[in-house]
Amino acid sequence: MGEVLSQNEIDSLLQALSSGELDADEISSADERTTKNYDFRRPAKFSKEHLRTLEIIFEHYGRLLSTNLPVYLRKNIQVTVVNSEACTFSEFSTALANPVLLGIVSFSPLSGNVMVELAANLGFTMVDRMLGGPGNPLEKSRDFSEIERTIVDKMMAVCVSLLREPWKNVVDITPVLERVETNPQFAQIIAPSEMIAIVTLNIKIGDIEGLMNICLPYFTLESVMDKLNTKYWFASMKENDDEDYKDYIEAAIRKVNMPIKAVLGKSTITVTDFVNLQCGDIIKLGAKIDNEMEIYVGNLKKFRALPGTAKESYAVRVTQVIREEE
């Protein structure tokens, strides 16, 4: 409600208007409110808060890419988030080059698909590295061959599988690469007028740089839009971070292959005897049959065991764990 004027203020205002001290047009223009145009063809479905949260999610994704891809490409890889924006799908698809690498990704249990665009020069760099080359892209762009497509599909599948962990604080997804298209005309996943969010990553493989664009339709994220805010994201991350990090480290350690050797005994022979060894020759070891063997994990002596068999294979039965203080 506007301010109520007293009778004296009203009389003073009327006197100022009649004397010309105040202009009625100036007063009316001062009361006019500024308006903002709204384009109903491009409704603002993604707020700045939504885009900022998506950037945080894909910053985590970029760290995973820079950690996991060097295992396959044997090159230093740097990934940074360049920007995020909202636009229509037609604007995104019109700007695509040809050929291009477009991964169509299922974001189950969310409805619809997500699209991952990888620059062609990065695709050829990956192919060159996987085939033992230095990782140089082609000087002149061309379509990918069948063999190159197979290699790129495998690398794209690796990249897609890494999407699950960064999204855990929002929704537990199971990303699956459905197919890879090189022609934008065959990758129309939604209507051209639908709104999408695009997160752009800059990927540097050695000295080669290129962009990866992740296209996230509003239709796919609609059910979790309330969770795409930094307050919710950080709160969920704080609750689950310690447990998830512990489980991740434990799972990673369990996959490590450790060399283990069981030493039956030791003996010293001359070079002449070693050169003249034949099948059936016997080497006397400095240990008895009933003596415990030493088991080494890497170069560390960790167990003592007795020799035996398991089914039709040689085996040992651990009898003692050797602690560090021993």
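The values are calculated or read from the model by the stated rules, or taken from the named source; none is laboratory data. All figures in this text were calculated on a predicted structure; none of them were measured in a lab. Glycine also receives a Cβ, built like all others from the backbone with ideal geometry; neighbour counts cover every protein chain displayed.
Quick notes
- On inspection, PRO259 qualifies as modelled with pLDDT of 80 or more, closer than 30 Å to VAL316 by Cα and not aliphatic (A, V, I, L, M).
- When the stretch 250-280 is filtered for residues that are among the small types (Gly, Ala, Ser) and free of Cβ contacts under 8 Å to residues at least 12 places away in the same chain, the ones remaining, listed by number, are ALA251, ALA252, GLY280.
- Among residues of the stretch 111-134 being in contact with a Phe, Trp or Tyr (Cβ under 9 Å, 6 or more places away or on another chain) and in a loop (DSSP other than H, G, I, E, B), the one that is surrounded by the most Cβ atoms within 10 Å (Cβ to Cβ) is GLY112.
- Condition met for VAL82 (in a strand (DSSP E or B), surrounded by fewer than 15 Cβ atoms within 10 Å (Cβ to Cβ) and in contact (Cβ under 8 Å) with a residue 24 or more places away in the chain): yes
- Selection from the stretch 154-171 of residues that are outside any helix (DSSP H, G or I) and either in contact (Cβ under 8 Å) with a residue 12 or more places away in the chain or farther than 18 Å from THR220 by Cβ (or both): LEU162, LEU163, LYS168, ASN169, VAL170, VAL171
- Cβ-Cβ under 7 Å pairs, at least 6 apart or on other chains, the stretch 194-222 side under 15 Å from GLU55 (Cβ atoms) and hydroxyl-bearing (Ser, Thr, Tyr), far side surrounded by fewer than 17 Cβ atoms within 10 Å (Cβ to Cβ) and at pLDDT 90 or above: THR200/VAL82; THR200/ASN83; THR200/LEU211
- Scan of the stretch 163-179 for residues that are farther than 16 Å from ASN113 by Cα and not polar (S, T, N, Q), ordered by number: GLU165, PRO166, LYS168, VAL170
- Lone qualifier among LYS302, LYS238, LYS246 - being in a strand (DSSP E or B) and either surrounded by 10 or more Cβ atoms within 10 Å (Cβ to Cβ) or at pLDDT 85 or above (or both): LYS302
- Test: ILE151 is part of a helix (DSSP H, G or I) and either within 16 Å of PRO217 (Cβ to Cβ) or β-branched (Val, Ile, Thr) (or both): yes
- Residue in the stretch 127-140 that is touching a residue at least 40 places away in the same chain (Cβ under 8 Å), in the same structural domain as ARG63 (by TED's automatic domain parsing) and among the polar types (S, T, N, Q) present: yes
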